[in-house]
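Scroll down for the structure; my scribbles are underneath it.
The values are calculated or read from the model by the stated rules, or taken from the named source; none is laboratory data. Keep in mind that what you see is a predicted model, and the values were worked out from it rather than measured. Quick reminder, even Gly has a Cβ in these numbers, built from the backbone with ideal geometry, and neighbours come from all protein chains shown.
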């Protein structure tokens, strides 16, 4: 064979082998691409898919044949133009790009993906080669971080940051459209004492229940947020009138009124609510929040379980309150508290049979301050606990001193605040003070309000039983204003029911008050309990109570609260002594 012929055959064989190698190379490359964990897709500039690997099928739910009959935009859940138009144009200029989008699978499942794409030349034309990576876990982590940043983890409500952000948006909208909006500050009354007594697990459950009741009252355009602790804020946007916000506040108080039942415990929770409105009460986030907060504190000063609408005078009151709080923190160490005593008189004999101890604050600049002006503040700050211990000890010492002086022995009553009553060591504290002062327990009566007693009825029964076992007397103060049920009342180991002053005051002119007072007296008689009517000021009230066989009474008709030095004269008297009017 001629050399040239041999060379031609060799060349043909080499070409055949190279062609075979090329096919094998392509197969090898295809295997590599199919084994990749990320989805790889190639499409032209109009979006028609030219190549997909196995991972693209897995992420989309389509087989390769189906995908190669589709356009890339068919997989884009958010942008109907997919990777064409707005996303391809920048690619043409910069060759590569990275972005996130959501793939829509065959079964409708939405998968977040991270795309790395570039323009490449293929067979004389430009195509887009893209790698798509499933970033579901990353997106979930981002959502979790976002939620932690903007939502309260306990209740699921927006937190302070998100609330302020929404308030800024609502303010801008209200200013543009000349609309009104309302900010409400809500603080649960005495919640800390519940938390301290029952522990944070039950306290947290109660907080979640409160949050759910608040959430149920809101419109879609409104926001309720938890600032922390037992404080909530509400954004009502828009509101037509001030009355709209007041109506919501009333609904909130009504919604919280029914008892909360958690793990065999029953609770009653009340709240103090402050309202500020845009634009009248402030035009900025800071001023509206500040003024709603001032209104909320005013609601607490007004007795709690109510709402107040902001007025400019409240800011001056807030400054006064701050100064008062500072002074209050030093009042005990400076010995500025004093006790006055108001006699309780037997209606039949006219003799003093009991005395109620009432605290006063002898302020160095403001003079004698009445309890209503500082006790709520002492409750909020927690100072009521050491103040309460001082009152209890001083009262027991005073009563023992009167007895040692030869005066007629009588019981002396001491009011316990909600926070005092919730103290785990209450019984031990009372026992220790009685031992140290030498006072017989039968001459000490502890008063708790009906609402305090019902806050956790089962725990109340246990505490009262321990006190009764020590020989201490128990009275329910302001009876008729709370939520007690007869099933619990008959189980409370109590000695006395005190008829609330509000009912006594109106017995002459209000049939409802007269009926309530009569019912309480009859109820106490059936339960074999003593009855004391508070706030007796007129002969008409006295006649009403005597006719219905109320046992005892106290009030200005007999005596104002007086200093301890005036009590011996009253105890020595054989009949009622009137002091002042």
When the stretch 229-242 is examined, which residues are found to be closer than 20 Å to residue 285 by Cβ and either touching a helix residue (DSSP H, G or I) at 6+ places or on another chain (Cβ under 8 Å) or not assigned by TED's automatic domain parsing to the domain that holds residue 272 (or both)? 232, 233, 234, 235, 236, 237, 238, 239
Residues of the stretch 444-483 being buried (at least 21 other Cβ atoms within 10 Å of the Cβ) and over 36 Å from the mean Cα position of the chain (by Cα), in sequence order, are 444
Name every residue in the stretch 190-228 that is touching a helix residue (DSSP H, G or I) at 6+ places or on another chain (Cβ under 8 Å), outside any helix (DSSP H, G or I) and under 27 Å from residue 164 (Cβ atoms), in order of residue number. 216, 217, 223, 224, 225, 226, 227, 228
Condition first: farther than 19 Å from residue 474 by Cα and out of contact with any helix residue (DSSP H, G or I) (no Cβ under 6 Å at 6 or more places or on another chain). Now tell me which residues in the stretch 509-521 satisfy that. 509, 510, 511, 512, 514, 515, 518, 519
Could you list, in sequence order, the residues of the stretch 405-426 that are surrounded by 18 or more Cβ atoms within 10 Å (Cβ to Cβ) and over 34 Å from the mean Cα position of the chain (by Cα)? 410, 411, 412
If you take the residues in the stretch 161-184 that are surrounded by fewer than 22 Cβ atoms within 10 Å (Cβ to Cβ) and in contact with a strand residue (DSSP E or B) (Cβ under 6 Å, 6 or more places away or on another chain), which one is nearest to residue 421 (Cα to Cα)? 166
Here are some conditions: (1) crowded, with 16+ Cβ neighbours inside 10 Å; (2) within 27 Å of the chain's Cα centre (by Cα). Residue 429 meets all but one. Which one does it not meet? (2)
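Give the residue, chosen from 493, 568, 511, that is in the same structural domain as residue 344 (by TED's automatic domain parsing) and touching a residue at least 40 places away in the same chain (Cβ under 8 Å).
Exactly one of 493, 568, 511 is in the same structural domain as residue 344 (by TED's automatic domain parsing) and touching a residue at least 40 places away in the same chain (Cβ under 8 Å), namely 568.
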For the stretch 85-158, give me every one of the strands (runs of 3 or more DSSP E) that falls completely inside it and has 2 or more residues that are more than 20 Å from residue 51 (Cα to Cα) and at pLDDT 85 or above. 110-122
Tell me yes or no: at least one residue of the stretch 442-453 is assigned by TED's automatic domain parsing to the domain that holds residue 341, in contact (Cβ under 8 Å) with a residue 60 or more places away in the chain, in contact with a strand residue (DSSP E or B) (Cβ under 9 Å, 6 or more places away or on another chain) and in a strand (DSSP E or B). yes
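Among the candidates 295, 245, which residue alone is over 18 Å from residue 454 (Cβ atoms), in contact with a helix residue (DSSP H, G or I) (Cβ under 9 Å, 6 or more places away or on another chain) and either at pLDDT 90 or above or crowded, with 16+ Cβ neighbours inside 10 Å (or both)?
295 is the lone residue from the list that is over 18 Å from residue 454 (Cβ atoms), in contact with a helix residue (DSSP H, G or I) (Cβ under 9 Å, 6 or more places away or on another chain) and either at pLDDT 90 or above or crowded, with 16+ Cβ neighbours inside 10 Å (or both).
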Name every residue in the stretch 400-430 that is within 27 Å of residue 303 (Cβ to Cβ), in a loop (DSSP other than H, G, I, E, B) and modelled with pLDDT under 90, in order of residue number. 417, 422, 423
Has the stretch 185-198 got at least one residue that is surrounded by fewer than 18 Cβ atoms within 10 Å (Cβ to Cβ) and in contact with a strand residue (DSSP E or B) (Cβ under 7 Å, 6 or more places away or on another chain)? no
For the stretch 345-357, state whether one or more residues are within 26 Å of residue 193 (Cα to Cα) and not assigned by TED's automatic domain parsing to the domain that holds residue 165. yes
Matching residues in the stretch 519-570 - criterion: being closer than 24 Å to residue 396 by Cα, at pLDDT below 90 and surrounded by fewer than 19 Cβ atoms within 10 Å (Cβ to Cβ): 569
Please state which one of 382, 350 is on the phi > 0 side of the Ramachandran plot, surrounded by fewer than 17 Cβ atoms within 10 Å (Cβ to Cβ), modelled with pLDDT under 90 and touching a helix residue (DSSP H, G or I) at 6+ places or on another chain (Cβ under 9 Å). 382
Of the conditions (1) surrounded by 15 or more Cβ atoms within 10 Å (Cβ to Cβ); (2) touching a helix residue (DSSP H, G or I) at 6+ places or on another chain (Cβ under 8 Å), residue 345 fails just one. Which one is it? (2)
Over 21 Å from residue 273 (Cβ atoms), in a loop (DSSP other than H, G, I, E, B) and free of Cβ contacts under 8 Å to residues at least 12 places away in the same chain - does that describe any residue in the stretch 324-333? yes
